[in-house]
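S.K.: Attaching a single structure in structure tokens format; questions to follow.
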Amino acid sequence: MRENAYMLILESLNGSQAHFDKFNVSITQYWCGKPLDAEALASGTGPMLDAFQDTGIIDDDSPNGYLEEYQLSWERVPKMTDRKIVMSVYGVDKMLI
């Protein structure tokens with residue numbers, strides 16, 4: 001999953017570069033049936049956050065002066081085919097992906 005996330009991030013940057021000294025993370029699960037609990041959602045998206053480190057967008061995903069806010073949310077969708085997890089990484093003053 002980390003490698004796939006890495007490739008998707010690079011593709012979405014479309015050749016541009018980005019780097020955040022401080023950032024916020026927002027993760028939303030669009031669910032149908034039964035949603036993941038908070039622990040499963042947070043731990044399951046760890047490799048995606050690691051991919052942001054691999055691309056150089058963030059230096060570290062620890063709360064030691066880098067990660068300012070980590071938000072989890074859930075939204076119910078009508079069909080199983082609409083299920084997905086979306087992770088957004090925001091610089092303190094702007095959104096990247």
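Bear in mind that the values in this text are calculations on the coordinates, not laboratory data. Keep in mind it's a predicted model, so treat the numbers as computed, not measured. Ideal geometry is used to build each Cβ from the backbone, glycine not excepted, and the neighbour counts take in all protein chains shown.
S.K.: Which of Thr55, Thr45 comes first, and how do the rest follow, when ranked by fewest Cβ neighbours within 10 Å? Don't skip to the answer; put the middle values down first.
M.R.: Values: Thr55 16, Thr45 20.
Arranged by neighbour count, lowest to highest, Thr55, Thr45 become Thr55, Thr45.
S.K.: Here's something else I'd like to know. Taking only C-alpha pairs under 8 Å that are 6+ residues apart, what is the relative contact order of the chain in percent? Intermediate values should be presented prior to the final figure.
M.R.: Values: 150 pairs, mean separation 43.4, N = 97.
Once normalised by length, the contact order is 45 percent.
S.K.: Quick check: pseudo-label points 7 Å beyond the Cα along Cα→Cβ at Lys84 and Ala18, how many nm apart are they?
M.R.: Label-label distance for Lys84 and Ala18, simple model: 1.6 nm.
S.K.: With runs of 4+ DSSP H residues as the only contributors, calculate the mean residue ellipticity of the chain at 222 nm using -39,500 (n - 2.57) per run, divided by the residue total and rounded to the nearest 500.
M.R.: Values: 3 runs with 28 residues, N = 97.
After summing the helix terms and dividing by residue count, I get -8500 deg cm²/dmol.
S.K.: Using the count of nearby Cβ atoms within 10 Å as a rough guide to exposure, how do Val92, Val86 rank from fewest to most?
M.R.: With the fewest neighbours first, Val92, Val86 line up as Val92, Val86.
S.K.: Pairs of lysines 8 or more apart, or on different chains, with alpha carbons under 25 Å: count those in the chain, would you? Numbers along the way, then the final one.
M.R.: Details: Lys22/Lys94; Lys34/Lys79; Lys34/Lys84; Lys84/Lys94.
For the chain, qualifying lysine pairs total 4.
S.K.: How much of the DSSP bridge set in the chain is antiparallel, in percent, rounded to the nearest 5?
M.R.: On the way: 10 of 20 bridges.
Around 50 percent antiparallel, to the nearest 5.
S.K.: What is the local net charge at Lys84, summed over the other residues whose Cβ is closer than 13 Å to its Cβ (Lys, Arg +1; Asp, Glu -1)? Can you show the working numbers first?
M.R.: Values: positive: Arg76, Lys79, Arg83; negative: Glu75, Asp82.
For residues surrounding Lys84, the net value is +1.
S.K.: Report the net charge of residues surrounding Pro63, where surrounding means a beta-carbon distance below 12 angstrom and charges are Lys +1, Arg +1, Asp -1, Glu -1. Don't skip to the end; give the middle numbers.
M.R.: Working: positive: Lys22; negative: Asp60, Asp61, Glu68, Glu69.
Here the charged neighbours net out to -3.
S.K.: Right, next: Tally Lys and Arg at +1 and Asp and Glu at -1 over the other residues with C-beta under 14 Å from the C-beta of Asp50: what net charge comes out?
M.R.: Numbers: positive: Arg2; negative: Glu3, Asp54, Asp59, Asp60, Asp61.
It works out to a net charge of -4.
S.K.: Right, something else. If you take the alpha carbon radius of gyration of the chain and divide it by 2.2 N^0.38 Å, what ratio comes out, to two decimals? All intermediate terms of the calculation are to be shown ahead of the outcome.
M.R.: Details: Rg = 13.7 Å, N = 97, 2.2 N^0.38 = 12.5 Å.
Cα-based Rg divided by the globular estimate yields 1.10.
S.K.: So, one more: Could you give me the ³J(HN,Hα) list for the stretch 9-21, computed from phi with Karplus coefficients 6.51, -1.76, 1.60 and θ = phi - 60°, whole Hz, x at Gly and Pro?
M.R.: Result, rounded to whole Hz: 5, 4, 5, 6, 6, 6, x, 7, 10, 8, 8, 10, 6.
S.K.: Among Trp31, Ser12, Ser73, whose Cα sits farthest toward the positive end of the charge dipole of the chain (+1 at Cβ of Lys/Arg, -1 at Cβ of Asp/Glu, about the Cα centre)?
M.R.: Trp31
S.K.: Just how large is the dipole of the chain about the Cα centre, in debye to the nearest 20, putting +1 at every Lys and Arg Cβ and -1 at every Asp and Glu Cβ? Spell out each step's value before the answer.
M.R.: On the way: 8 positive and 15 negative charges, 116 e Å.
In debye, rounded to 20, the chain gives about 560.
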